Amino acid sequence: MSNAIVTNGLIKRYKDKTAVDGISITVEEGKLVALLGVNGAGKTTTIRMLTCLSKPTAGTARVLGHDVVKESDEVKKLVGISTQDTAVAENLTVRENLEFMASLYLPKERIGGAVEKAIKAFGLEEFRNKKAKHLSGGWKRKLSIAMAIIGEPKILFLDEPTLGLDVLARRQLWTEIEEIKKHMTIVLTTHYMEEAEALADEIFVMINGKIAAHGTLSELEARTGKTGLEEVFIKIAEEY
Amino acid sequence: MKNRTLSFAKRNLIEMSRDSLSYIFCVAFPLVMLVIMSIVNASIPKEAGMTLFRIDNLAGGIAIFGQTFVMLFSALNVTKDRSGSFLVRLFASPMKSRNFTGGYFLPLIVVAFVQVIIAFAASFIVSLVTGTELSVLGLLAGAVAVIPSAVMFIAIGMIFGTIFNEKAAPGMCSIIISLGAIVGGIWFDVEGVGGFMEKLSRCLPFLYSTKVARAAIKMDFGFDTFLMPLIVVTGSAVVLTALACFFFGRKMRADLA
């Protein structure tokens with residue numbers, strides 16, 4: 001299996017703060033990895049660098065073999081992102097939002113089919129002609145993720161996709177993420193331990209901009225002697 | 001074939017067409033001013049020799065006045081996108097700086113053109129009511145002649161929208177709206193006033209915009225009355241558009257740093 005993402009000593013510094021401090025990670029194609037950490041751990045900054053939204057201060061990052069700084073045009077064609085805030089055009093309908101995003105990536109003749117597929121995949125049929133601003137938080141988040149995958153990216157970045165959703169909406173979204181996982185590599189950031197536990201093939205624990213630990217859940221449990229991701233996370237954070 | 005500029009332009013046009021403020025500021029308000037000023041004109045005695053609000057002069061002024069509100073929408077379009085996450089998503093897409101600037105400009109040019117057509121259609125009706133001669137050909141010439149001016153105002157709006165935030169940009173646009181109305185010769189004869197006001201008016205492009213519109217409507221295509229003002233407005237539009245593209249590109253690079 002080839003690598004989807006490889007970073008080497010990746011650093012992002014702002015004026016007086018180092019948000020990401022020399023992380024080196026490898027993500028295999030087809031995997032769903034979770035970046036886990038408290039607020040300010042550097043998860044979103046890492047995603048921003050990997051999606052060409054922010055330039056690394058030092059170090060390198062390659063996405064499907066392309067350098068995120070030197071080959072950002074290529075990288076942008078291969079990745080999709082759903083940001084923490086639902087990034088939708090509020091006055092456009094569900095269908096129009098999807099058509100617009102599809103038109104940025106796909107040839108004209110494939111847009112209609114891709115839109116219908118996305119609407120069906122996320123159960124958006126009854127809302128297709130409803131303006132985005134009239135959707136509930138959960139449906140808006142689904143639309144936001146549908147917009148991220150409609151360009152058929154090879155890698156999908158989900159930045160806290162279930163933040164602020166009720167438990168039912170969150171579980172429903174998990175089912176959809178499980179389905180997407182069959183078709184692309186996914187990098188997910190989350191605060192919710194049970195989310196990472198349920199969805200991730202591999203977990204990276206970030207603390208203060210560094211990777212404090214990584215591995216599968218069972219590997220992390222074996223290393224820390226704890227059971228369950230929450231206990232594992234606390235143990236790692238205390239020891240770090 | 002993927003045309004990202006047109007896709008983004010279409011999105012912006014739809015967003016604007018669904019915002020009731022677009023209709024209030026871009027269509028209703030200029031029309032209300034047209035009616036009010038026509039009523040004012042009717043109450044001015046002929047002996048006063050004041051022709052500024054006569055429909056053949058007023059129509060051109062209203063066209064430029066309307067464009068200042070298109071500028072406001074230009075600024076709002078950019079600041080609204082900047083204040084949310086939508087632009088972040090688009091920055092992560094294959095869209096380039098030129099796709100954004102083109103996508104912001106194109107729908108507003110359409111809006112400005114439709115706006116001037118509506119204003120001139122209303123002006124023609126007023127001319128029939130008041131018995132003032134207004135040629136359809138002149139109005140059509142005027143609608144085309146004010147396009148450079150529309151581009152200039154859209155560019156100013158885009159510069160403000162890029163530099164300032166959602167709260168400050170409309171305020172800056174209000175200054176230009178007031179300035180344009182005063183020194184643009186829309187509501188009073190700045191050349192007649194003379195002095196500093198006239199000098200200031202001649203240093204800014206707004207008076208030339210009004211002159212182009214008025215001359216074209218009267219089918220007066222002389223060098224001093226039409227061509228020279230058109231050159232000034234077109235030159236200003238080119239410079240300001242280049243600046244708008246520069247500022248947006250710089251902002252985009254800064255956001256992605």
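Computed from the coordinates by the stated procedures, all read-outs in this text should not be read as laboratory data. Since the structure is predicted, the reported quantities are computational estimates derived from the model, not experimental observations. With ideal geometry, Cβ positions are generated from the backbone for all residues, glycine too; neighbour counts draw on all protein chains shown.
Packing-wise, with mean Cβ within 10 Å as the measure, how do B:242-251, B:100-109 rank, highest first?
With the highest mean Cβ count within 10 Å placed first, the list reads B:100-109, B:242-251.
Give me the net charge for the shell around A:His66: Cβ to Cβ below 12 angstrom, other residues only, Lys and Arg +1, Asp and Glu -1.
Neighbourhood net charge equals +1.
May I ask you to list the trypsin sites (Lys or Arg not before Pro) in region A:178-232 that are in a DSSP loop and have at most 11 other Cβ atoms within 10 Å of their Cβ?
A:Lys182
For peptide A:86-92, compute the average count of partner chain beta-carbon atoms within 10 Å of each residue's beta-carbon.
Mean number of neighbouring Cβ atoms from other chains: 6.
What is the distance in Å between the Cα centres of region A:107-185 and region A:1-18?
Each part's Cα centre sits 28 Å from the other's.
Within 10 Å of each Cβ in peptide B:15-27, how many partner chain Cβ atoms are there on average? Round it to a whole number, please.
Partner Cβ neighbours, averaged per residue: 1.
Treat every Asp and Glu Cβ in the protein assembly as shown as -1 and every Lys and Arg Cβ as +1, leave all other atoms uncharged, and give the resulting dipole magnitude about the Cα centre to the nearest 20 debye.
It comes to approximately 720 debye.
Find out how many positive minus negative residues lie around A:Tyr240, taking Lys and Arg as positive, Asp and Glu as negative, among other residues whose Cβ is under 13 Å from that of A:Tyr240.
0
Which is farthest toward the positive dipole end of region B:4-255 among B:Met158, B:Ser127, B:Ala92, measuring Cα position about the Cα centre, with Cβ charges +1 (Lys, Arg) and -1 (Asp, Glu)?
Sorting the options by dipole projection puts first B:Ala92.
Give me the extension gain from A:Glu29 to A:Glu219: residue separation times 0.36 nm, minus the current Cα-Cα distance, reported in nm with one decimal.
Full extension of this stretch gives 66.4 nm more.
What FRET efficiency comes out for the pair B:Trp187/B:Ile109, r = Cβ-Cβ distance, R0 = 25 Å, nearest 0.05?
The computed FRET efficiency comes out at 0.50.
Scan chain B and note any complete DSSP helix (H) whose C-alpha atoms cover at least 27 Å along its axis and whose Kyte-Doolittle average is 0.0 or more.
Span-like helices here: B:55-83, B:97-130, B:228-255.
With label points built 7 Å along Cα→Cβ from the Cα atoms of A:Asp166 and B:Met219, find their separation and express it in nm.
Each label point is offset 7 Å from its Cα along the Cβ direction, giving 6.9 nm.
Which one of B:Thr225, B:Ile44, B:Leu108 is farthest out on the positive end of the charge dipole of chain B, using unit charges on Cβ (Lys, Arg +1; Asp, Glu -1) and the Cα centre as origin?
Positive-most Cα among the choices belongs to B:Leu108.
Rounded to the nearest 0.05, what FRET efficiency do B:Ser97 and A:Ala58 give with R0 = 25 Å and r taken as the Cβ-Cβ distance? Could you check?
Working from the Cβ atoms, E equals 0.45.
How large is the Rg to Rh ratio of region B:4-255 when both quantities use alpha carbon positions and Rh follows Kirkwood?
Using only Cα positions, Rg/Rh for region B:4-255 is 1.00.
Place a label point 7 angstrom from the Cα of A:Arg110 along the Cα-to-Cβ direction, then list the residues of region A:59-96 whose backbone nitrogen is under 19 Å away.
Output list for this probe position: A:64, A:73-81.
Report the charge-dipole magnitude of region B:4-255 in Debye, nearest 20, computed about the Cα centre from +1 at each Lys and Arg Cβ and -1 at each Asp and Glu Cβ.
Dipole magnitude for region B:4-255 comes out near 1080 debye.
Helix-only mean residue ellipticity at 222 nm, the protein assembly as shown, DSSP H runs n ≥ 4 weighted -39,500 (n - 2.57), per residue, nearest 500. What is it?
-18500 deg cm²/dmol
Hey, what did region B:4-255 get for relative contact order, percent, Cα under 8 Å, at least 6 apart?
27 percent
Between B:Ala121 and B:Leu21, take the C-beta separation as r, use R0 = 30 Å, and let me know the FRET efficiency to the nearest 0.05.
0.85
What is the log10 of I(q)/I(0) for the protein assembly as shown, computed with the Debye formula using one identical point scatterer on each Cα and no solvent, at q = 0.07, 0.09, 0.12 Å⁻¹?
-0.48, -0.70, -1.01
Determine the relative contact order of region A:1-131: mean sequence separation of Cα pairs under 8 Å and six or more apart, normalised by residue count, in whole percent.
Relative contact order comes out at 20 percent.
Sort A:188-200, B:27-39 for me by packing, meaning the mean count of neighbouring Cβ atoms within 10 Å per residue, highest on top.
Result, highest mean Cβ count within 10 Å first: A:188-200, B:27-39.
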